[in-house]
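Everything on this sheet refers to the single structure shown next.
The values are calculated or read from the model by the stated rules, or taken from the named source; none is laboratory data. Nothing here was measured: the structure is a model prediction, and the numbers come from that model. Note that we place each Cβ from the backbone using ideal geometry, even for glycine, and neighbour counts take in every protein chain shown.
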Amino acid sequence: MSISAGLDALRDALPEDLPLSIVGIIATVLIGVVYSYISQERPLAGFPLATVEGKGPKKSWLFHGRQLVAEGVKKYSGAFQVMSGTGPKIVLPNRFADELRNNPHLNFNKAFAKDFFTNYPGFEPFAQGLQDDTLIQETVRVKLTQSLGLITDDLVDETTASLHDIYGESGEWKSLVLKDTVLHLVARLSSRVFLGKDLSRNERWLEIAKNYTVDGFTASFLLRLVPSILRPFAYWLIPQCRSCRRAVRDAHKIIDPEVERRVKAVDEALARGEKPKKTADAIGWIHEVSRGRRIDYVSAQLSLTLAAIHTTTETTTQAVFDLCEHPEVIEKLRGEIIEVVGEHGWAKTSLYKLRLMDSFLKESQRVRPMAATSMNRFVEQEVTLSDGTVLPRGSRINVMTNFMDPKVYAAPEEFDPARFLRLREQPGSENAWQFVTTNPEHMLFGHGQHACPGRFFAANEVKIALCHMLLKYDWRLVPGETRPQEMVFESTIGCSTDGKVEFRRRQEEINLDVPL
């Protein structure tokens, strides 16, 4: 039956006095259902479709993705596919990671854009990070990373102020929702670097930064639950989508005047024949990198913000939960902090010398990784792998992580905070197992030319925050309770949004603060 014939049948079946608006709504819904069925993306030919027993293909991936990947590794010797909310994805064994990491026919931006709906209003910051002009990547790689030594004191100063405001000075045990407080801490630290001291403590901006980060990822996931034909309608109904649009509007009210103020200051300096003063924050960096191009500063700022806050919040929150679950590690880490920072202060090399902390953080990521797959790519041109597997043009791929492979990690189920410290002590492996180093055995920051360029900044943020949190506070799980259960979305996990811990102020052995 054609769609027009179906509409005729629908018209004949409905009462004649039914309002046209109601008829239109019913017709739209029915057309959507029929079109969704006809046009739904089919599994790719030549790749087995993995499912969890008793679940359909999409539900298997959307709600049991980590289990699905783990079972797929055992069931299939090679590639298999999963059915995501935006179509099929090929999941490849980890052994192909190096082979694919710099393949010119694999596009990260197109794969990311399809999952994060960058064509919808409110998602402009996601789109900004995927522009062909690589503005964001260049800002991070060239300006931010090269300034790490210069911004350490700012991060230390903001950590001191933030912990005082968030956790206070009471020596009595108190409970709190950990992720909420870490989110606020990371928002302040990131904003201090991206926007300067004043705006990093602007409560309106901090709420925008936090809400956009949380709602942006949540909205994308919710849209992936909706059939493609109905997404344009669902988009206007989902609260998190409305929140994203509002956040972008509100951000303009804060960022635009600041940009105008700085442009005016530059123009006035030039008019006086003076060299304009450079600012060591993201607004200044973006201006320098843009080289005269038109820039949406709000989208650029929110793009930097959501990338920095999301990963760093998850990493820090998981690390504190790990400390509470393995309290024997706390004194060892405190001892290292006292030795390194006590002797060298916040020198450029101090964070590098926190080798046990570096290992602890990498192990924390390994045991509870944010994703079971990495290297999300769109295949722009057919690719033939070394084993003969053909990746069709237009398909999307992911590569499995192997964090629990006993061939790679001895006793992989065991949490061993010094695991990577020992690996770095092997000849020739000093740099191979650092927290920020990517390789096929540890791809949480990606791998290859699209590895996360902001991981060096994130590592410094996390380490500085943990130094203060460990020396200034005691931490423990709420008595009688176990570690909160993580949330699962597709192949990713996120820390519990309502998981609590207890803390109290302690007297730090050395002074961690810096005079500014």
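Which of the residues belonging to the range 54-78 are among the hydrophobic types (A, V, I, L, M, F, W, C), more than 16 Å from P440 (Cβ to Cβ) and surrounded by fewer than 21 Cβ atoms within 10 Å (Cβ to Cβ)?
F63, A70 - these are the residues of the range 54-78 that are among the hydrophobic types (A, V, I, L, M, F, W, C), more than 16 Å from P440 (Cβ to Cβ) and surrounded by fewer than 21 Cβ atoms within 10 Å (Cβ to Cβ).
Might you check whether a residue that is of a type in the set (K, R), modelled with pLDDT of 90 or more and touching a helix residue (DSSP H, G or I) at 6+ places or on another chain (Cβ under 7 Å) occurs anywhere in the range 318-335?
Within the range 318-335, one or more residues are of a type in the set (K, R), modelled with pLDDT of 90 or more and touching a helix residue (DSSP H, G or I) at 6+ places or on another chain (Cβ under 7 Å).
How many residues, within the range 118-147, are closer than 20 Å to F489 by Cβ and either charged (D, E, K, R) or surrounded by fewer than 21 Cβ atoms within 10 Å (Cβ to Cβ) (or both)?
2
R366: touching a strand residue (DSSP E or B) at 6+ places or on another chain (Cβ under 9 Å), modelled with pLDDT of 95 or more and surrounded by 19 or more Cβ atoms within 10 Å (Cβ to Cβ), yes or no?
Values: touching a strand residue (DSSP E or B) at 6+ places or on another chain (Cβ under 9 Å): yes; modelled with pLDDT of 95 or more: yes; surrounded by 19 or more Cβ atoms within 10 Å (Cβ to Cβ): yes.
For R366, the condition - touching a strand residue (DSSP E or B) at 6+ places or on another chain (Cβ under 9 Å), modelled with pLDDT of 95 or more and surrounded by 19 or more Cβ atoms within 10 Å (Cβ to Cβ) - is met.
Consider K179 carefully, then state whether it is of a type in the set (D, E, K, R) and within 13 Å of T312 (Cα to Cα).
Considered against the rule, which asks whether it is of a type in the set (D, E, K, R) and within 13 Å of T312 (Cα to Cα), K179 comes out as yes.
Could you list, in sequence order, the residues of the range 254-274 that are at pLDDT 85 or above and exposed (fewer than 12 other Cβ atoms within 10 Å of the Cβ)?
P257, E260, R261, K264, E268, A271, R272, G273, E274
For the range 416-456, which residues satisfy the criterion of being part of a helix (DSSP H, G or I) and at positive phi?
Hit for the range 416-456 is G448, nothing else.
Return yes when E172 is under 30 Å from L477 (Cα atoms) and not β-branched (V, I, T) and no when it is not.
Yes, satisfied.
Do you know which of the residues in the range 155-170 that are surrounded by 12 or more Cβ atoms within 10 Å (Cβ to Cβ) and over 14 Å from R192 (Cβ atoms) is farthest from the chain's Cα centre (by Cα)?
The qualifying residue farthest from the chain's Cα centre (by Cα) is G168.
Take the range 61-77 and flag every residue that is closer than 19 Å to V399 by Cβ and in a helix (DSSP H, G or I).
Listed by number, the residues that qualify are W61, G65, R66, Q67, L68, V69, A70, E71, G72, V73, K74, K75.
Residues in the range 141-155: is at least one touching a Pro at 6+ places or on another chain (Cβ under 6 Å), touching a residue at least 60 places away in the same chain (Cβ under 8 Å) and on the phi < 0 side of the Ramachandran plot?
Taking every residue of the range 141-155 in turn, at least one turns out to be touching a Pro at 6+ places or on another chain (Cβ under 6 Å), touching a residue at least 60 places away in the same chain (Cβ under 8 Å) and on the phi < 0 side of the Ramachandran plot.
Listed here are the residues, each with its yes/no results for (1) more than 30 Å from I90 (Cβ to Cβ); (2) hydrophobic (A, V, I, L, M, F, W, C).
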{"residue": "L130", "(1), (2)": "no, yes"}
{"residue": "T145", "(1), (2)": "yes, no"}
{"residue": "L178", "(1), (2)": "yes, yes"}
{"residue": "L189", "(1), (2)": "yes, yes"}
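So in the range 287-298, with the set limited to residues that are part of a loop (DSSP other than H, G, I, E, B) and touching a residue at least 12 places away in the same chain (Cβ under 8 Å), which one is farthest from P257 (Cα to Cα)?
It comes out as R293.
Can you pull out the residues in the range 474-506 that are closer than 28 Å to D115 by Cα, without any contact (Cβ under 8 Å) to a residue 24 or more places away in the chain and not in a strand (DSSP E or B)?
Hit for the range 474-506 is Q485, nothing else.
In the range 375-395, which residues are of a type outside the set (S, T, N, Q) and farther than 28 Å from L130 by Cβ?
Narrowing the range 375-395 to residues of a type outside the set (S, T, N, Q): 375, 377-380, 382-383, 385, 387-388, 390-394.
Passing the criteria: D387, G388.
Condition first: surrounded by fewer than 18 Cβ atoms within 10 Å (Cβ to Cβ) and either without any contact (Cβ under 8 Å) to a residue 60 or more places away in the chain or more than 21 Å from T438 (Cβ to Cβ) (or both). Now tell me which residues in the range 88-108 satisfy that.
Of everything in the range 88-108, just one residue is surrounded by fewer than 18 Cβ atoms within 10 Å (Cβ to Cβ) and either without any contact (Cβ under 8 Å) to a residue 60 or more places away in the chain or more than 21 Å from T438 (Cβ to Cβ) (or both), namely P104.
Condition check: in a helix (DSSP H, G or I) and closer than 21 Å to I255 by Cα. Does L150 satisfy that?
Answer is no for this residue.
Given the criteria surrounded by fewer than 19 Cβ atoms within 10 Å (Cβ to Cβ) and either modelled with pLDDT under 95 or over 28 Å from L130 (Cα atoms) (or both), does A372 qualify?
So A372 fails the test.
Here is a yes/no grid of residues against (1) of a type in the set (D, E, K, R); (2) in contact (Cβ under 8 Å) with a residue 60 or more places away in the chain:
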{"residue": "P369", "(1), (2)": "no, yes"}
{"residue": "S386", "(1), (2)": "no, yes"}
{"residue": "S395", "(1), (2)": "no, yes"}
{"residue": "E413", "(1), (2)": "yes, no"}
{"residue": "D416", "(1), (2)": "yes, no"}
{"residue": "Q434", "(1), (2)": "no, yes"}
{"residue": "T438", "(1), (2)": "no, no"}
{"residue": "K472", "(1), (2)": "yes, yes"}
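Tell me which residues, restricted to the range 256-286, are closer than 29 Å to D132 by Cα, in contact (Cβ under 8 Å) with a residue 12 or more places away in the chain and not basic (K, R).
Hits for the range 256-286 are D256, E258, V259, T279, A280, D281, A282, I283, G284, W285, I286.
Residue by residue through the range 383-442, note down the ones that are of a type in the set (D, E) and crowded, with 16+ Cβ neighbours inside 10 Å. Can you show your working first?
Kept after step one, since they are of a type in the set (D, E), are these residues of the range 383-442: 387, 405, 413-414, 416, 425, 430, 441.
Listed by number, the residues that qualify are D416, E441.
Among the listed residues E486, E490, E481, which satisfies the condition of being closer than 30 Å to H64 by Cβ, of a type outside the set (A, V, I, L, M, F, W, C) and over 26 Å from the mean Cα position of the chain (by Cα)?
The unique qualifying residue is E481.
Report, ordered by the first and then the second residue, all pairs with beta carbons closer than 6 Å, sequence separation of six or more or different chains, a first member in the range 195-206 that is more than 17 Å from K278 (Cα to Cα), and a second member that is at pLDDT below 95 and of a type in the set (A, V, I, L, M, F, W, C).
Sorted first by the residue in the range 195-206, then by its partner, the pairs are W205/L199.
Only residues that are buried (at least 17 other Cβ atoms within 10 Å of the Cβ) and touching a Leu at 6+ places or on another chain (Cβ under 8 Å): list them for the range 224-253, please.
Of everything in the range 224-253, those that are buried (at least 17 other Cβ atoms within 10 Å of the Cβ) and touching a Leu at 6+ places or on another chain (Cβ under 8 Å) turn out to be R224, R231, Y235, I238, Q240, C241, A247, V248, A251.
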